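Below is one structure, written out as structure tokens, with a few remarks after it.
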Amino acid sequence: MVPPTAVANSVAAPASGQSSGQPVGTPDSPAIKDPVKDTILTPRFYTTDFDAMAAMDLRPNEVELEAICEEFRKDYNRHHFVRNEEFEGAADKLDPETRKVFVEFLEQSCTSEFSGFLLYKELSRRIKDKNPLLAECFAHMARDEARHAGFLNKSMSDFGLQLDLGFLTANKAYTFFKPKFIFYATYLSEKIGYWRYIAIYRHLEKNPESKIFPIFNFFENWCQDENRHGDFFDALMKAQPDTVRGLRARLWCRFFLLAVFATMYVRDVARKEFYEALGLDARAYDKYVIDKTNETSARVFPVVLDVRNPRFWDRLERLVENNAKLSSADASRAPAPLKAIRKLPYWIANAAEMAALFLMKPIRSEEFQPAVR
């Protein structure tokens, strides 16, 4: 559901011969991967107010929601996620560094998809008696997210590692979001996921020599699941007009757009080696994905960000620089209190940059994309 994120620790490649605290198994008997430390950049697990969700009146946009649910029922990708002979031995062809960054990608992608599955599944279970249409939509999306997570976790096993999803369910911290915040965050994560996957697929279609693993062959159909999920949240927000109308809604939309874009940019530049392995420049890739997601968001959000303003990118680059210095401080052997003192100026600088980005004049969606709206 949420785009993959950077991690602080590294994963040893089985063929590299390097020692690591993380044991590595075989494709037939993979070792359980130690979960990464939670940071502001790693995927979150969410919960919400289930009673408020159950009580939602869908009548303002029920026709569109029913049409989207009918699309979900067709389950276009039911037979898509089937591994073939291309996966056999594909992991052994990667050099140790590429293996490391690719396993990080698989792990974070799997965690993100599984996070979506848990939220959607619990929503479908808790509201099915009071809001059956909404519950059915969430059940179909949970099906898709579980399928994605399982496919990614199976690909991890090709590298001798696998996530214990049951352990994550029981032990990972859950963040509470009000329903409207769930709408903003998941809409953006699904739409940005669509643009990320389709951009990689189209690039590799033109540059097949950069296709480092056969999982990328599945991205074209895969991204359509993300797109349909995003369309569902678009329709759901239109059924709850207060989420996209008025001053408060405009401020929250700006906040979530900025939070998602800034996090993705800082994260991807920090792990640019993964994109280099695919023949992509992380900065150019992110600029394309952010621009397209911003444009798509204008279909439902009342305002979007001025991401074509050079000052927007200048400030994101300062966040990248500060993040690198924070990572350097974290990696030092200094005592925890001294680390915190060293990191404080960069935390303050990041807060100032985020505030300046938030205060940049937004673009009203009716001006930005009148034909679509």
Taking helices (runs of 4 or more DSSP H) that fall entirely within the stretch 47-147, which contain at least 1 residues that are β-branched (Val, Ile, Thr)?
62-74, 96-127
Cross-chain or 6+ apart pairs with Cβ under 8 Å, the stretch 148-174 first and on the phi > 0 side of the Ramachandran plot, then aliphatic (A, V, I, L, M) and open to solvent by 40 Å² or more (accessible area, probe 1.4 Å)
Gly160/Val24
Selected residue (only one of Glu104, Glu113 is open to solvent by less than 80 Å² (accessible area, probe 1.4 Å) and in contact with a His (Cβ under 7 Å, 6 or more places away or on another chain)):
Glu113
Would you pick out the residues in the stretch 263-279 that are out of contact with any Ser or Thr (no Cβ under 8 Å at 6 or more places or on another chain) and either under 14 Å from Val304 (Cα atoms) or not in a helix (DSSP H, G or I) (or both)?
Arg271
Considering only residues that are open to solvent by 20 Å² or more (accessible area, probe 1.4 Å) and out of contact with any Asp or Glu (no Cβ under 7 Å at 6 or more places or on another chain), which ones fall in the stretch 211-232?
Lys211, Ile212, Asn217, Glu220, Asn221, Gln224, Asn227, Asp231
So in the stretch 13-33, with the set limited to residues that are in contact with a strand residue (DSSP E or B) (Cβ under 9 Å, 6 or more places away or on another chain) and modelled with pLDDT under 75, which one is surrounded by the most Cβ atoms within 10 Å (Cβ to Cβ)?
Lys33
As an exercise: evaluate Phe255 against (1) open to solvent by 60 Å² or more (accessible area, probe 1.4 Å); (2) free of Cβ contacts under 8 Å to residues at least 60 places away in the same chain; (3) part of a helix (DSSP H, G or I) and give the number of the one condition it does not meet.
(2)
Suppose we filter Leu65, Leu41 for residues that are at pLDDT below 95 and open to solvent by less than 30 Å² (accessible area, probe 1.4 Å); which single one remains?
Leu41
From the options Arg73, Arg78, Arg99, residue that is surrounded by fewer than 13 Cβ atoms within 10 Å (Cβ to Cβ), at pLDDT below 95 and either closer than 19 Å to Glu190 by Cβ or within 24 Å of the chain's Cα centre (by Cα) (or both):
Arg78
Output for Cβ contacts, cut-off 9 Å, separation at least six or different chains, first residue part of a helix (DSSP H, G or I) in the stretch 355-367, second open to solvent by less than 40 Å² (accessible area, probe 1.4 Å) and of a type in the set (Ser, Thr, Tyr), reads Ser365/Ser297
Residues that are aromatic (Phe, Trp, Tyr) and open to solvent by 90 Å² or more (accessible area, probe 1.4 Å), drawn from the stretch 306-354:
Trp347
Scan Leu123, Leu94, Leu118, Leu106 and give me the residue that is in contact (Cβ under 8 Å) with a residue 24 or more places away in the chain and over 21 Å from the mean Cα position of the chain (by Cα).
Leu94
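The values are calculated or read from the model by the stated rules, or taken from the named source; none is laboratory data. These numbers were taken from a predicted model, which means no experiment stands behind them. Heads up, the Cβs are rebuilt from the backbone with ideal geometry, glycines too, and the neighbour counts pull from every protein chain shown. With ligands, DNA and RNA removed, areas are computed over all heavy atoms of the protein, side chains included. Shrake-Rupley method; radii C 1.70, N 1.55, O 1.52, S 1.80 Å.
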